[in-house]
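Here is the structure we will look at.
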Amino acid sequence: MQRPPVPDEFALKETSPKIAGAGITGGDKLTCAYDLVEQMDYLYVRVVKAKDLPGKDVTGGCDPYVEVKLGNYKGVTRHFEKKSNPQWNHVFAFSQDRLQASFLEVVVKDKDVVIDDFIGRIQFDLSEVPKRVPPDSPLAPQWYRLEDRRGDKIKHGEIMLAVWKGTQADEAFPDAWHSDAATVSQEGVANIRGKVYLAPKLWYVRVNVIECQDLLPSEKGRIPDVVVRVALGNQALRTKVLKGINPMWNEDLVFVTAEPFEEPLVIFVEDRVGSSIEVMGKCVIPLPTIPRRFDNKAVPARWHNLEKHIMAEGEKKELKFASKIHLRLCLEGGYHVLDESTHYSSDLRPTSKQLWKSSIGLLELGIISSTGLSPMKTRDGMGTTDAFCVAKYGTKWVRTRTIIGSTAPKWNEQYTWEVFDPCTVITIGVFDNGHLHGGGKDSRIGKVRIRLSTLDTDRVYTHWYPLLVLQPSGVKKTGAVQLAVRFSCTSWINMLHKYTQPLLPKMHYAHPLSIIQLDILRHQATQLVSMRLSRAEPPLKKEVVEYMLDVGLHIWSVRKSKANFCRIMNVLSGFIAIGRWFDQICHWKNPFTTILIHVLFVILILYPELILPTIFLYLFFIGIWRARWKPRHPPHMDVHLSQADAIGSDELDEEFDTFPTSKGSDTVRMRYDRLRSIAGRIQTVVGDMATQGERFQSLLNWRDPRASGLFVIFCLVIAIVLYVTPFQVVALLGGFYVLRHPRFRHKMPSLPLNFFRRLPARTDCML
């Protein structure tokens, strides 16, 4: 079935911005570090310090501050009390797109209760201001004697300044006061600056509870019901309940934690007495003392003392030795700690740096501008948006500066990441800043996901990406963001070799975690990342981090189930088409084609050694033929694929319902939540099936040009090898390989399976 065309408003649109990286001429080029964004010209003023300022107060002192005026724009430094030699070291950046003045005025004033006193000023003719282009060294500030209102030099008072013209590539740009944010208060400036964040390094903590020895219950002669509870911060897991004073569990409990380690590991041995719980012993283990494990080598187990608080005279608590517990503890850095869906993860490396490989390339992202953003708030009776972008790839998160009061902001900021695996995805989100005038929330506007393996190397992709959000009223376009993306490869051999390697680190296969464990650990990892990034300055709020990490992605909905079912049907449609074609051959719908098939059938029966080489040669020619129609731009959110354009109001109401549900009686709520939980797992399984089928499709559709190229070359080589090798030998060796002894098998996935798991599916194109 042919899919309906994507509406224009939801489609990707190629653009031609004036950037040096795309080979577009006209205007001055930015430096090579900023060649994916349009050049923005700024006038920079660095106010360093002043000396020998005359006193203006009755007491002979002064409370100085500086005003920098340029046309209708005015920037102000903070003031110092009773200080004639203040140091500000403040940078002001005035966008030259909106400038109409020809002079810059720097005024030093004395802060007063009623009217601030004038101390002195300096004027600069903008035509004489020098231009600085990095990597030139920063312009050295100079001392200037202050002038009075008539332009005469005053007897006392000098100010150190540096004034120059530059672009957003200047290192002073991120921390400068910007003229387009003149309405923001001094306290709110910190919340609008662009920053780079590093997500914390996450580790698995594996606690193998082996046994306890000589436990003492509170009631003598009673056989206790013992359970071990292990707590790490807000995470807590329990073993099963066993009877006896020497119980043996040999159970694994796995937690996730982040460096630097802040919470200790606390072990509780509890006795279930009826409906109450009695703590028989407790053990506190600091995480830095736990050995780290990077490979399959077992960590030796140790006995730990259990202590119990007892009440002595005067109600004073004392510690008493209670018993011993046998534990095997380790911090495991040989895993990839999942903080997102593995179908479009941005970082597949293990936590431990000892296991890292060299990078294979460089990812450069230019966040140029946005247009048509939905007004997210009301100011002065009009709808407006204070937009900023967040981009996430690997452990590096970046945040652009906030553009105040514009539904068509221009950022023109560029960022770079090292790439260690081409089968990864970068996520870019657009948000409205809700923290400028109080403790609001950052509202989501939309996001974009781009899979690196679908990009040609050393090519600049410039497109308008529509921002699509599913709301209770249906799918809505909330604007569009213009991006420039370039994936540069440093070694083709290393990159192609990646396609033969396991997708995840070795310990994921040697010591696999269950699906339930992965879900719990992913949730805890998301909470840890959110908590740590929210403590930065400016903070990256919880709502931003959770939206970027797709929290709630696995909650069941009718729409997602329909979308995954349609994906499966789309995969099976190829096999159905082959069946219909074969049925037409059998019914002589086209006699000439049927005769050719008869001839081919006779040849293959008489010469069976031609069967496999013919199939691979056919796949080779099909792959070469379809290369003409390989995608010319990165894939994007597809409303048809997501079933977002045909969902009913009742289904939307169900999808946006709270979890647990807020509808109906307690019985309905319980049944409804149980149904959603079960259906969510079914939905995930169906989605995984669709993913495998789409990976088969991607072998020849050139969505990942490197993988398709490797497969096409492989088909040609196999076709040639099979032509010169007797079929009986190939069949014999193949049968022996399939039926090989378990001694000759290993737990690591095979090379073809590694290649297949790296093929792109359409999961990253779904809303």
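The values are calculated or read from the model by the stated rules, or taken from the named source; none is laboratory data. What you see is a predicted model, and the numbers here were worked out from it, not measured in a lab. Every residue, glycine as well, gets a Cβ built from its backbone with ideal geometry; the counts of neighbours run over all protein chains shown.
Points worth noting:
- Residue count for the range 666-724 satisfying the condition of being of a type in the set (Ser, Thr, Tyr) and modelled with pLDDT under 80: 3.
- Complete set of residues in the range 183-207 that are assigned to a strand (DSSP E or B) and touching a His at 6+ places or on another chain (Cβ under 9 Å): ARG206
- Segments classed as strands (runs of 3 or more DSSP E), wholly inside the range 365-434, with at least 1 members that are over 30 Å from SER488 (Cα atoms) and among the hydroxyl-bearing types (Ser, Thr, Tyr): 377-379, 382-384
- Residue match in the range 477-493 (condition: surrounded by fewer than 20 Cβ atoms within 10 Å (Cβ to Cβ), of a type in the set (Lys, Arg) and either in contact with a helix residue (DSSP H, G or I) (Cβ under 8 Å, 6 or more places away or on another chain) or assigned to a loop (DSSP other than H, G, I, E, B) (or both)): yes
- Checking GLY664 against (1) touching a residue at least 40 places away in the same chain (Cβ under 8 Å); (2) on the phi > 0 side of the Ramachandran plot; (3) not acidic (Asp, Glu), the condition it does not meet: (1)
Residues checked against (1) under 20 Å from VAL544 (Cβ atoms); (2) of a type in the set (Val, Ile, Thr); (3) out of contact with any strand residue (DSSP E or B) (no Cβ under 8 Å at 6 or more places or on another chain); (4) touching a residue at least 12 places away in the same chain (Cβ under 8 Å):
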{"site": "PHE420", "(1), (2), (3), (4)": "no, no, yes, yes"}
{"site": "THR454", "(1), (2), (3), (4)": "no, yes, yes, yes"}
{"site": "GLY479", "(1), (2), (3), (4)": "yes, no, no, yes"}
{"site": "SER488", "(1), (2), (3), (4)": "no, no, no, yes"}
{"site": "ILE493", "(1), (2), (3), (4)": "no, yes, yes, no"}
{"site": "LEU504", "(1), (2), (3), (4)": "no, no, yes, yes"}
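So that you can scan it fast, the table gives a plain yes or no per residue for (1) surrounded by fewer than 17 Cβ atoms within 10 Å (Cβ to Cβ); (2) touching a residue at least 12 places away in the same chain (Cβ under 8 Å); (3) aromatic (Phe, Trp, Tyr); (4) part of a loop (DSSP other than H, G, I, E, B):
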site	(1), (2), (3), (4)
ASP583	yes, no, no, no
ILE597	yes, yes, no, no
PHE620	no, yes, yes, no
PRO634	no, yes, no, yes
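- Among residues of the range 636-662, those that are within 17 Å of PHE10 (Cα to Cα), among the hydrophobic types (A, V, I, L, M, F, W, C) and surrounded by fewer than 17 Cβ atoms within 10 Å (Cβ to Cβ), counted: 1
- All of (1) part of a strand (DSSP E or B); (2) in contact (Cβ under 8 Å) with a residue 40 or more places away in the chain hold for GLY446 with one exception: (2).
- The set of residues in the range 544-568 being more than 21 Å from SER649 (Cβ to Cβ), out of contact with any strand residue (DSSP E or B) (no Cβ under 7 Å at 6 or more places or on another chain) and either in a loop (DSSP other than H, G, I, E, B) or touching a residue at least 60 places away in the same chain (Cβ under 8 Å) (or both) consists of LEU549, ASP550, VAL551, LEU553, HIS554, ASN564, ARG567, ILE568.
- Among the residues of the range 471-494, the ones that are of a type outside the set (Gly, Ala, Ser) and within 25 Å of SER406 (Cβ to Cβ) come to 9 in all.
- Pairs are defined by a Cβ separation below 9 Å, a sequence spacing of at least 6 or placement on different chains, a first member in the range 9-22 that is over 20 Å from TYR415 (Cα atoms) and among the basic types (Lys, Arg), and a second member that is buried (at least 18 other Cβ atoms within 10 Å of the Cβ) and at pLDDT 80 or above; the pairs so defined are LYS13/HIS463; LYS13/TRP464; LYS13/TYR465; LYS13/PRO466; LYS13/ALA480.
- Breaking point among (1) free of Cβ contacts under 8 Å to residues at least 24 places away in the same chain; (2) assigned by TED's automatic domain parsing to the domain that holds GLY440; (3) not hydroxyl-bearing (Ser, Thr, Tyr); (4) not in a helix (DSSP H, G or I), for LYS589: (2)
- Condition check for ASP180: surrounded by 20 or more Cβ atoms within 10 Å (Cβ to Cβ), in a helix (DSSP H, G or I) and acidic (Asp, Glu): yes
- Residues of the range 418-435 satisfying the condition of being over 20 Å from GLY446 (Cα atoms) and crowded, with 24+ Cβ neighbours inside 10 Å: PRO422
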